[in-house]
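First up is the structure itself, then whatever we jot down about it.
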Amino acid sequence: MQRVTLTPRADWRAKAEALGFTYHTPDRGPYWDESACYEFSTPEIDELEAAANTLHQLCVDAAQVVIDRDWWSRLGIPEKAVPTILASWNRDDPSLYGRFDLAYDGASPPKLLEYNADTPTALIEAAVVQWYWLQERFPDADQFNSIHEKLIEAWRNVGAPRVHFTAVSDLPEDTQTITYLMDTCQQAGFQTRWTAIDQLGWDRTNARFVDSEDSEVNALFKLYPWEWLWQEAFAEFLPTAKNLFIEPPWKLLLSNKGLLPILWELNPGHPNLLPAFTSLDASLGGNYVRKPVFSREGANVTVVEHGATVEETAGDYGAEGFIYQALASIPNFSGNRPVCGVWMVSHEACGLGLREDTRRITGNLSRFVPHRMV
């Protein structure tokens, strides 16, 4: 694994936008950054793929333990959500996708930082933009990337002739992610419809959600976290809704940093896990990361070294509680610290996207850097 400096394509912005990717350059500088790429050997990619598949199974097994032992409060899951999650789990409602964030340096085993199992973004850039970049810049090279094909295949497991898609309507990253996923769903042969999250209504007669035109929502892909859905005014209808949700309610068990201490408790010393605890543990030796159970995009995270805070971020999370995770050994390439995002589709690892930052905490504006295999 190494970071290689490159000269960006002169017209990369226009080519990115032609692929439906416009949020490439925020005010602080490029988010999509092709002034470098990461190179991986085939054995390194194999190790990342195997780690993600192993971790996914560990997470599913841990979710079963949470259910069996009634550990809902350890995950900050409200009691009113439990019956819906249990019903979804017992039905084995289909899951579309997720993304593991891993610390990896090419020498030591990949370590789990967290699992974005419910509403992961950075999808277009991983599935599409970096693939077209590779075809133009390195046409003879390969890439760990079958995300697009796997998504199309995964939609065929949903079993609904029409899928509604919803998200917050004024967030470009969310709406473009939705647009891309709608395209993959259409390529799988399904009809699609968009409805903003605040336009969802409730049909009491049929116990289904409906869109702004009162059309029944039979299957709903929601780029909107389950922990937020349970706080919406329509949350009272969720337990009786006949809609198929994608991601399903049971994904709240996996998309939750409260699962990290449980994973370590059940699998102490596992090579792909970092020690993690629900309260500050002396074994961490004053070197740890404090994370809210439900934080997103690196919000409200604190990095502590030798007992002193070295970096922290602001945000609106934390009331739900925190977990404490051992510091990961993230490689430092001339001040750039990459996190490997391994994509899961239908429970299988199928692609890689890297985000890097000069900071220790990866946030929503941390740069996306493409990769290739050598």
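Quick notes on this one:
- Filter result (under 20 Å from residue 252 (Cβ atoms) and not in a loop (DSSP other than H, G, I, E, B)) within region 295-344: 322, 323, 325, 343, 344
- Looking only at residues of region 207-252 that are buried (at least 19 other Cβ atoms within 10 Å of the Cβ) and among the acidic types (Asp, Glu), we find that the one that is farthest from the chain's Cα centre (by Cα) is 227.
- Of the residues 144, 138, the single one that is more than 22 Å from the chain's Cα centre (by Cα), modelled with pLDDT of 95 or more and among the aromatic types (Phe, Trp, Tyr) is 138.
- Counting only residues that are outside any loop (DSSP other than H, G, I, E, B) and in contact with a helix residue (DSSP H, G or I) (Cβ under 8 Å, 6 or more places away or on another chain), region 187-239 holds 13 of them.
- Just so you know, in region 180-206 the residues that are modelled with pLDDT under 95 and of a type in the set (Ser, Thr, Tyr) include one that is surrounded by the fewest Cβ atoms within 10 Å (Cβ to Cβ), and it is 205.
- With respect to the stated conditions, residue 39 fails to be part of a helix (DSSP H, G or I), modelled with pLDDT of 95 or more and assigned by TED's automatic domain parsing to the domain that holds residue 151.
- Members of region 276-299 that are of a type outside the set (Gly, Ala, Ser), surrounded by fewer than 16 Cβ atoms within 10 Å (Cβ to Cβ) and within 7 Å of residue 324 (Cα to Cα): 280
- Taking region 158-176 as the range and being among the polar types (S, T, N, Q) and over 19 Å from residue 217 (Cβ atoms) as the test, only 176 passes.
- The residue that is surrounded by the most Cβ atoms within 10 Å (Cβ to Cβ), counting only those in region 71-97 that are touching a residue at least 40 places away in the same chain (Cβ under 8 Å) and aromatic (Phe, Trp, Tyr), is 97.
- Scan of region 325-342 for residues that are over 17 Å from residue 276 (Cα atoms) and either of a type in the set (Ser, Thr, Tyr) or in contact with a helix residue (DSSP H, G or I) (Cβ under 9 Å, 6 or more places away or on another chain) (or both), ordered by number: 334, 340, 341, 342
- Hey, residue 233 at pLDDT below 90 and at positive phi or not: no
- Every residue from region 37-46 that is crowded, with 19+ Cβ neighbours inside 10 Å and of a type in the set (Asp, Glu): 44
- When 139, 109 are checked against the criterion of being free of Cβ contacts under 8 Å to residues at least 40 places away in the same chain and not hydroxyl-bearing (Ser, Thr, Tyr), 139 stands alone in meeting it.
The values are calculated or read from the model by the stated rules, or taken from the named source; none is laboratory data. This structure is a prediction, so every number in the text was calculated from the model and none was measured. All Cβ positions, glycine included, derive from the backbone under ideal geometry; neighbour counts span all protein chains shown.
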